[in-house]
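For reference, the structure is listed below as structure tokens.
The values are calculated or read from the model by the stated rules, or taken from the named source; none is laboratory data. Keep in mind that what you see is a predicted model, and the values were worked out from it rather than measured. As a convention, Cβ positions derive from the backbone with ideal geometry for all residues, glycine included, and neighbour counts pool all protein chains shown.
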Amino acid sequence: MNPVAIARRAAAFGTLLAALAACAPPPEPPPPTAATSASTPAVTRRPLPEAIPPAVPPASSPGATAAALPPVVVPAGALYVCIVGSGPTLRQTAIEYAEKVGALCSKHPEMGPCQYERNACRSQGGRVFAANGSEITMATEAEYDKKVRRVTFKAN
């Protein structure tokens, strides 16, 4: 055989192999391990039992909003508590994160996943309290935004 015919056969064989490889299904991903299980949610919202209001409210309270809310008790493992409503319709929900996300949010509360959950609470008319009992207001969020460069696109 002449060298030109051999080169043509090699090129045709290479093209055939490339076409067969393109038609093959992609390899299956490895099964999830315990650490990367898809069944473990990154965020857990757990309703808290109703807090018992104090028997005698203080006569001279510095603010009406402070007297309207019972003491905020953040359970172990939760970074935030979302409080929605007031009086007898008060609902408290603990916001707990997966281990890695919780570690990130405890060090850097300005990060996106943390802010997303706080904003989700506020969209329901709720207020967010941190593990130390302080309220995270929109002024606090503005301070967080100064630490990170965040781009927000708004529709017309």
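Restrict the check to segment 111-127 and report whether at least one residue is among the aromatic types (Phe, Trp, Tyr), under 22 Å from Val73 (Cα atoms) and part of a helix (DSSP H, G or I). Checked segment 111-127: at least one residue is among the aromatic types (Phe, Trp, Tyr), under 22 Å from Val73 (Cα atoms) and part of a helix (DSSP H, G or I). Out of curiosity, is Pro70 at pLDDT 50 or above and in a loop (DSSP other than H, G, I, E, B)? Considered against the rule, which asks whether it is at pLDDT 50 or above and in a loop (DSSP other than H, G, I, E, B), Pro70 comes out as yes.
Which condition does Ala103 not pass, out of (1) closer than 23 Å to Ala42 by Cβ; (2) at pLDDT below 85; (3) among the aliphatic types (A, V, I, L, M); (4) surrounded by fewer than 18 Cβ atoms within 10 Å (Cβ to Cβ), if it passes all the others? The failed condition is (2).
Scanning segment 136-156 for residues being of a type in the set (Asp, Glu) and either touching a residue at least 60 places away in the same chain (Cβ under 8 Å) or surrounded by fewer than 16 Cβ atoms within 10 Å (Cβ to Cβ) (or both) gives a total of 2.
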